[in-house]
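J.: Sharing a structure here in structure tokens format.
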Amino acid sequence: MWHGRAGAISLTFDDGMRSHLDAAIPLLDERGLKGTFYLVAREIAGGHPTLEDFRPALESGHELGNHTIHHPCSCANEVQSQPIIHGCLEEMTLEDMAAELDEADLRFREVFPEVERWGFAYPCYNTFVGRGGGRQSYVPLVAERFAYARAGGEMSKSYNSPPLMDLHCLYSWKCENRSAADMISLVERTIEAGAWSVMIFHGIEEGHLPVDREAFRGLLDYLDAHRDDVRTAPAIEVAGEAGSNPRS
């Protein structure tokens, strides 16, 4: 398991941000590490990168993943202080979500026809539609369409263990505003547990959920120096390996 290492780490990045192209990918490539970038399949004003802007990342070995078109989150999400244009999860049905997922998948496959297997990241880590007694999980819809999917998790213990994990609702660590020492401690705990941890980043010194560039660099330096102890690879690679080890 884990290519002979004690544990595995996947570095994942949400929303296809400019700092992913300008900072994250160059820092990863300097060390020969590869990450996973979950992109939103629509044009966003203000110089936001397009899907095609990430083609060089794909061609150099990074994974690109599906993060929907409209990034639907809970109506209660405090990030959504602006008027909701497309609708939020409490107002959506499973049919609405199926249409969102299928249209996003079509857009990604039109731009990147060479990619056969796609991963998914739940926007805002939410996995439901509807409200109250009508609330339903859309994890089954995702499981029908994607090789794996990343959700959120409790910060006390967000490992993924092959005998027990749900490949379509993977736990993950949120890394915004964390120090290098803090993130390295998560890696050390993963190694000790013999597990797989999926680490989430948004902007590198960009946006409302940033991580400091030097803190991120410190994490990468640690992963580079401890290749014999921990496997660092795109989520779709580790998911494929973990999924081939069913629960006994």
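The values are calculated or read from the model by the stated rules, or taken from the named source; none is laboratory data. Quick caveat, the model's predicted, so the values are computed rather than measured. Neighbour counts are summed over all protein chains in view; Cβ atoms, including those assigned to glycine, are modelled from backbone coordinates with ideal geometry.
J.: Can you tell me which residue in segment 149-175 is farthest from the chain's Cα centre (by Cα), limited to those that are of a type in the set (S, T, N, Q) and part of a loop (DSSP other than H, G, I, E, B)?
T.: Ser156
J.: What number of residues in segment 181-235 are within 21 Å of Ser161 (Cα to Cα), of a type outside the set (Lys, Arg) and not in a helix (DSSP H, G or I)?
T.: The qualifying residues number 14.
Okay, residues lined up against (1) over 18 Å from Pro72 (Cα atoms); (2) touching a helix residue (DSSP H, G or I) at 6+ places or on another chain (Cβ under 6 Å):
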| residue | (1), (2) |
| --- | --- |
| Gly134 | no, no |
| Asn160 | yes, no |
| Leu170 | yes, no |
| Asn177 | yes, no |
| Ala180 | yes, yes |
| Arg189 | yes, no |
| Glu192 | yes, no |
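J.: To continue, here is another question. Here is a check on your reading of the model: is Arg178 crowded, with 18+ Cβ neighbours inside 10 Å, out of contact with any Ser or Thr (no Cβ under 7 Å at 6 or more places or on another chain) and part of a loop (DSSP other than H, G, I, E, B)?
T.: Judged against the criteria, Arg178 is a match.
J.: Go through segment 30-79 residue by residue and tally those that are acidic (Asp, Glu) and at pLDDT below 95.
T.: Residues flagged as acidic (Asp, Glu) and at pLDDT below 95 within segment 30-79 amount to 2.
J.: Please enumerate the residues belonging to segment 126-155 that are small (Gly, Ala, Ser) and on the phi < 0 side of the Ramachandran plot.
T.: Gly133, Gly134, Ser137, Ala143, Ala147, Ala149, Ala151, Gly152
J.: Give, as residue ranges, the strands (runs of 3 or more DSSP E) completely inside segment 1-73 that count at least 3 residues that are buried (at least 17 other Cβ atoms within 10 Å of the Cβ) and of a type in the set (A, V, I, L, M, F, W, C).
T.: Output list reads 7-14.
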